Amino acid sequence: MGVTMHRRLFAVMAVFFLLNSTVWGGDAKTVFTQKDFAQLILSNFSWSAGLPAEPTDRDYLQILAGKRTFRFEAENIYNEKTDRVTVREFNIFGPFTGKGWILGVSDTTSAAFSVLLPLEGEYTMKAVVKGDGFVWNLNNTDYRIDSNSGNFREMEVKNIPLKAGIFVINVTIPPEGAIDSFALTAADLAPIQPLIGWRFKEELTAGRMAEIYLAMASLNSQLPESKDNSPTSLSVADVAQIPPAAAKTVAPYLGKFTSREWVRADYRGATLQIPAVVADTGFYTITANIMGERIRGSINQNSFEVKAKPYLDKVSMGLYRLESGDNMITIDLPPMGGIDTLEFRKKSTSPDELLKLAGIKGPAERPITADEAGAFLKSVQAVCSTRK
């Protein structure tokens, strides 16, 4: 009788745990994560062509980050079975990158480079080659490259429209020609991400979906300015390392400046590295008191180009996401250009403001289901599908 009771009790407990594990498993499957949303974005907007056959988290993040500079080492991507080339590892033709470079034969030959391009765009190609008479075929269009040198030299070809995905570059190599590497570069796209970055394993909430949508639709500039963060000004002369082609000055006849000194480039132009520290991660409108014609540079590696005046005057550099703590701003001053200060104005990133602008019901911590995420992306497709 005791044995029978034990068996019955064991059976009841087994059924209990089975039922509960089924419920728990069902609950786990209903959790819609940030990674699920990232995958849905790429699928919904046909941005997944740039993924490999078995994508990793890094592959998704690369597309969402919008960086469009890709470098390829020739010795890593040529076809070993069909290409009549050899890999060399000595610097007879000057310095090289990677573990080596490829060398053609005594007559004209060819190589087939198979590459994966994560993002489409109009690219500039820079190839490091030695020899004259290279013909690079991309998208059924031929581009000739001559190094005009007996050593490796970087040569440039501009305006090559390319689709995302895997494609083959067929290269005609002149006799004794050599290839070290090549790069494809296009202007970066605005990154798509939550305010604090992607957390793929975390559940997607209304607040995070609002942050992602605002980045995807480039609507962060419409956020109101923060009420509890007054503008801050940074004196470039006080924090930047001044290169030999620039100097501090107090010249009063080239516009109004507010720092004790401002920085001016000489006839060569100058590149300034300007460290900027902010208290909170967020979106900041950056204004520079600057002079020159075309001012180029980058903010946390996001490139910009603005038009300035021939005297110091305030110019908006745009809206940028800055991290709490250290950020790096690079300014390329043209010949005789100058800069006084950088001013930072923070946008409000309160959950209520984000949800309101995104048109998403709160509260911010509310979990988002797969069905709601899919319906939302369909509703905003026309607004977000212009990312190219």
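The values are calculated or read from the model by the stated rules, or taken from the named source; none is laboratory data. Note that the coordinates shown come from a computational prediction; the quantities given were computed from them, not determined experimentally. Neighbour counts are summed over all protein chains in view; Cβ atoms, including those assigned to glycine, are modelled from backbone coordinates with ideal geometry.
Residue check: is residue 219 over 25 Å from residue 31 (Cα atoms) and not assigned by TED's automatic domain parsing to the domain that holds residue 287?
When the stated conditions are applied, residue 219 passes them.
Could you tell me which of the residues 97, 109, 124, 86 is in contact with a Leu (Cβ under 6 Å, 6 or more places away or on another chain) and assigned by TED's automatic domain parsing to the domain that holds residue 148?
Result of the check over 97, 109, 124, 86: 86.
Look through 144, 153 and report the one residue that is surrounded by fewer than 17 Cβ atoms within 10 Å (Cβ to Cβ) and farther than 30 Å from residue 42 by Cα.
Criteria check complete, one pass: 144.
Across the range 246-290, what is the number of residues that are among the β-branched types (Val, Ile, Thr) and either farther than 17 Å from residue 312 by Cα or crowded, with 20+ Cβ neighbours inside 10 Å (or both)?
Selection size over the range 246-290: 9.
Just to be sure, is residue 221 among the polar types (S, T, N, Q) and touching a strand residue (DSSP E or B) at 6+ places or on another chain (Cβ under 6 Å)?
Considered against the rule, which asks whether it is among the polar types (S, T, N, Q) and touching a strand residue (DSSP E or B) at 6+ places or on another chain (Cβ under 6 Å), residue 221 comes out as yes.
Six or more apart or on different chains, Cβ under 6 Å: which pairs go from a residue in the range 66-84 that's under 28 Å from residue 198 (Cβ atoms) to one that's surrounded by 13 or more Cβ atoms within 10 Å (Cβ to Cβ) and among the charged types (D, E, K, R)? Could you list them?
Here the result reads 66/188; 67/188; 68/188, each pair linking the range 66-84 to a residue that is surrounded by 13 or more Cβ atoms within 10 Å (Cβ to Cβ) and among the charged types (D, E, K, R).
Between a first residue in the range 264-279 that is among the aromatic types (Phe, Trp, Tyr) and a second residue that is outside any strand (DSSP E or B), which pairs have beta carbons less than 7 Å apart while being 6 or more apart in sequence or on different chains?
If the second residue must be outside any strand (DSSP E or B), the pairs left are 267/335; 267/336.
Quick test of your reading of the structure: residue 46 fulfils all but one of (1) polar (S, T, N, Q); (2) over 24 Å from residue 179 (Cα atoms); (3) assigned to a helix (DSSP H, G or I). Name the failing condition by number.
Going through (1) polar (S, T, N, Q); (2) over 24 Å from residue 179 (Cα atoms); (3) assigned to a helix (DSSP H, G or I) one by one, residue 46 breaks only (3).
In the range 85-118, which residue that is free of Cβ contacts under 8 Å to residues at least 40 places away in the same chain and not hydrophobic (A, V, I, L, M, F, W, C) is surrounded by the most Cβ atoms within 10 Å (Cβ to Cβ)?
Looking at residues that are free of Cβ contacts under 8 Å to residues at least 40 places away in the same chain and not hydrophobic (A, V, I, L, M, F, W, C), I get 100.
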